[in-house]
Amino acid sequence: MSLDFEAPKTSEPEDVPPTVPVEARKASAPLWKLLLRDRVATVAAAILVLVFLTAIFGPMLVGDAATDQDLDRSNLPPFTLDTGWMNILGTDPLGRSMLARLIVASRTTLSVAIPAVILSAIIGSFIGMWAGFHRGWRETAAMRVADVILSFPSLLMAVVVLYVFSPSAANIVLVLTVTRIPIYLRTARAESAELQSRLFVDAARTFGAKSGSVIRRHVAPILLPTLLTVATLDFCFVILAESSLSFLGIGIQPPDVSWGLMVSQGRTYLQTAWWLSFFPGLAIVLTTVSATVLAAWARIATDPAQRWRLNVPRSKRSRLLPARKVVS
């Protein structure tokens with residue numbers, strides 16, 4: 001007489017897809033290798049690197065080509081080398097090279113977007129971590145200030161402020177910084193409020209660590225990946241906001257040039273010289289879309305629970321996600 005015992009069935013956790021390949025569950029490779037495996041993210045990163053390098057070194061290479069006027073070459077069409085490679089993207093009504101102006105405008109646009117994002121991220125994250133960690137009246141005061149700023153549309157606030165004060169690059173950076181601070185403040189506050197009750201924070205306090213030291217050594221490193229992702233997405237918004245302000249005539253002012261200002265100046269020639277607005281508009285679209293794609297990739301890459309998805313081809317990722325249960 002034999003007794004058959006049935007082994008108990010074990011079920012995998014619901015948050016781990018049962019069909020994930022074995023190689024996807026292994027320790028992830030370095031981030032740069034994971035980036036190279038994703039063609040879309042690699043192209044986006046390459047475009048952003050090209051834009052940054054162009055903004056840094058481009059104006060030194062083109063010299064005065066962006067300001068030199070030649071009315072005999074007014075509104076030359078693009079994609080012709082009859083007048084030299086500098087005019088391959090055509091010329092504007094004053095005969096200035098569109099390629100050279102795009103290169104110079106990239107520095108102006110990034111010189112507004114990057115400081116605005118960095119300043120708003122630093123100020124908002126610091127206040128948010130401080131308020132979320134200490135809670136109480138600090139949290140209430142910080143959130144009420146954020147609510148007041150968010151009660152006004154950021155672009156409308158920028159229009160009003162720049163209409164009252166003189167529109168300049170410094171004023172644009174200042175107003176965009178103020179309007180974007182609540183985004184980082186609310187994110188950092190929510191994360192810090194959740195982390196301040198963790199065991200490792202209690203242990204640090206038990207050993208006599210001060211609040212500032214705990215925030216700097218334990219809270220900030222955990223928040224950094226999330227804040228970097230938010231900053232990358234916010235970079236897109238700031239570029240679009242600066243371009244919108246320049247398009248409305250209250251942003252960057254001549255003789256300076258930005259992508260938004262070039263779009264605004266070329267809109268009166270859309271029927272006869274379409275390239276005046278098309279190429280700066282294309283630069284805005286490529287930069288913002290690339291930053292959005294890279295932010296989505298960074299969100300997965302910095303999340304240990306989702307990083308395995310980067311080891312799987314993009315076409316198979318949707319099939320490996322766990323099915324959501326519908327609760328009736």
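Residues in region 79-94 that are among the acidic types (D, E) and touching a residue at least 60 places away in the same chain (Cβ under 8 Å): 1 in all.
Remark: pairs (first residue in region 53-78, surrounded by fewer than 15 Cβ atoms within 10 Å (Cβ to Cβ); second residue in a helix (DSSP H, G or I); Cβ separation under 8 Å; 6+ apart in sequence or on different chains) = I56/R107; L61/I103; P77/W275.
Of all the listed residues (S213, S192, S246), the sole one being touching a Phe, Trp or Tyr at 6+ places or on another chain (Cβ under 7 Å) and either in a helix (DSSP H, G or I) or free of Cβ contacts under 8 Å to residues at least 24 places away in the same chain (or both) is S192. Residues considered: P225, P254. Of these, the only one that is within 22 Å of A116 (Cα to Cα), part of a helix (DSSP H, G or I) and either at pLDDT 90 or above or out of contact with any strand residue (DSSP E or B) (no Cβ under 8 Å at 6 or more places or on another chain) (or both) is P225. The residues of region 205-256 that are among the aromatic types (F, W, Y) and over 19 Å from G128 (Cβ atoms), listed by number, are F207, F247. Of all residues in region 265-299, those satisfying the criterion of being under 17 Å from S243 (Cβ atoms), surrounded by fewer than 21 Cβ atoms within 10 Å (Cβ to Cβ) and among the hydroxyl-bearing types (S, T, Y) are S277, T288, T292. Pull up region 144-194, narrow it to residues that are more than 26 Å from P221 (Cα to Cα) and among the hydroxyl-bearing types (S, T, Y), then point me to the one that is modelled with the highest pLDDT. Of everything passing the filter in region 144-194, S151 is modelled with the highest pLDDT. Which one of these is out of contact with any Asp or Glu (no Cβ under 9 Å at 6 or more places or on another chain), among the basic types (K, R) and buried (at least 17 other Cβ atoms within 10 Å of the Cβ): R186, R205, R217? Of R186, R205, R217, the one residue that is out of contact with any Asp or Glu (no Cβ under 9 Å at 6 or more places or on another chain), among the basic types (K, R) and buried (at least 17 other Cβ atoms within 10 Å of the Cβ) is R186.
Among the residues that make up region 103-116, is at least one of them over 18 Å from the mean Cα position of the chain (by Cα) and without any contact (Cβ under 8 Å) to a residue 60 or more places away in the chain? Yes, the conditions are met somewhere in region 103-116.
The values are calculated or read from the model by the stated rules, or taken from the named source; none is laboratory data. These numbers come from a predicted model, not from an experiment. Counting neighbours? That spans all protein chains shown, and the Cβs are built from the backbone with ideal geometry, glycine included.
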